[in-house]
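Single-structure report; data block below.
The values are calculated or read from the model by the stated rules, or taken from the named source; none is laboratory data. None of these values were measured; they are calculated from a predicted model. Methodologically, a virtual Cβ is constructed for each residue, glycine included, from the backbone with ideal geometry; neighbour enumeration extends over all protein chains shown.
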Amino acid sequence: MHCVSEYPCPEENLNLNLIKTLKKKFKCEMGYSGHESSVSPSLFAWVLGANYIERHVTDDRSRWGTDQSASLGPEGMKNLSSTLTKAGLFFGEEKKRVSQTEKKMLTKFKYW
């Protein structure tokens, strides 16, 4: 798991590109343990190849404690989970496939 142990970690210190370096060097699955306040770096870690995402969870981010402000509340966790669940659909394959709907649209685009 790649992580930076700052709570919360400033986004400019996350060094997410290290995920690619570690995967290449150790030839294994790689994870990301996010200690930042927002959800988006965890999504970018996944895009860069993180196979696992770990986040701290709390029911109240304003509580006392080292990592409360770097934890996700219920809504943040729900947002992250649902986005990662459907993210694979966005990327598809590395091959162009023309759907039937797209073929119908192509006839409308032709002016000759």
Which listed residue is at pLDDT 90 or above, on the phi < 0 side of the Ramachandran plot and touching a His at 6+ places or on another chain (Cβ under 6 Å), from Tyr32, Tyr52: Tyr32
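How do the helices (runs of 4 or more DSSP H) wholly within the chain filter down when requiring 3 or more residues that are surrounded by 15 or more Cβ atoms within 10 Å (Cβ to Cβ): which remain?
On the way: elements: 18-26, 40-47, 74-91, 100-109.
Counting at least 3 such residues, we get 18-26, 40-47, 74-91.
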